[in-house]
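We did not get these values from a lab; they are worked out from the coordinates using the rules stated. Please read all numbers here as calculations on a predicted model, not as lab measurements. Cβ: placed from backbone, ideal geometry, glycine included. Neighbour counts: every protein chain shown.
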Amino acid sequence: MSTECREGGSAVGLEGGPVPGEDARLRCPWAAATEDYAHYHDTEWGRPVRGDDALFERLCLEGFQSGLSWLTILRKREAFRAAFAGFRIAAVAAFTEADEARLLADAGIVRNRAKISAALSNARVLAEWEPGELDSLVWSHAPEPAPRPPRTLGEVPATTPESKALARELKRRGLRFVGPTTAYATMQAAGLVDDHLAECWVRGLPQVR
């Protein structure tokens, strides 16, 4: 999945516009697939996320999602949080080889050796940064609001110049599994961009968490 919207698009068609739910509210089509998606769409996706640990979690989960359904990650998120010490950078940076072996044996998460290794390596890199530095770096790549909101899933990009620049800077500073697509999905999830479709009921809500 390049973005949550594009994953939904695989089921409903990239030209799909918002669809009504059981409550008659119009939502991005991907949100209509499951209750898990609807809740995530209504309460989290596109809402601003601040703080180093919170953004580390988003980067990690988007990295783990690569090549998989976002629903898989969403349903495993609490297991991920338990396994990765709540994605506290300092705690994950202190993980040992025994912890890595524990993660590889944990059926509650995605047991991909390369992705687990990248998450631990990234935590060690970030632990050396100043407090707030990840937050500042990520949010410095927030683009100006689009002149008009997307009306269909086909208008939602997979990458942008800003996501390419963010991925490039994160890689330059030693992070792994942070390509432009993962960076853009993180930007969507953390509210740097609002890709809710034009008629989606969530678009335009106060962006406060």
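Summary table
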| read-out | value |
| --- | --- |
| For the range 68-132 and the range 17-51, distance of Cα centres in Å | 26 Å |
| Karplus-derived 3J(HN,Hα), 6.51/-1.76/1.60, for each residue of the range 182-199, Hz, glycine and proline x | 4, 4, 5, 4, 5, 4, 5, 5, 9, x, 5, 10, 10, 9, 4, 5, 4, 9 |
| Cα-based shape type of the chain, given that a ≥ b ≥ c are square roots of the gyration tensor eigenvalues and the cut on a/c is 1.5 | prolate |
| With at most 16 neighbouring Cβ atoms within 10 Å, loop GluC sites (Glu not before Pro) (DSSP) excluded, longest segment of the chain | 45-127 |
| Whole-Hz couplings from phi, Karplus 6.51/-1.76/1.60, listed for the range 59-70; x for Gly and Pro | 4, 4, 5, 5, x, 5, 5, 3, x, 10, 6, 4 |
| Per-pair calculated FRET efficiency, R0 = 30 Å: Thr43 and Ser121 via Cβ, rounded to 0.05 | 0.45 |
| Glu128/Arg151 FRET efficiency (R0 35 Å; Cβ-Cβ; nearest 0.05) | 0.20 |
| Segment Ala94-Ala107, length gained on full extension (0.36 nm per residue, minus Cα span) | 2.5 nm |
| Farthest toward positive dipole pole in the range 98-209 [+1 Lys/Arg, -1 Asp/Glu at C-beta], among Cys200, Ala98, Ala158 | Ala98 |
| Normalised contact order of the chain, rounded percent, pairs of Cα under 8 Å and 6 or more residues apart | 33 percent |
| Residue-span extension gain [Ser140 to Glu78] - 0.36 nm each, minus C-alpha spacing | 19.4 nm |
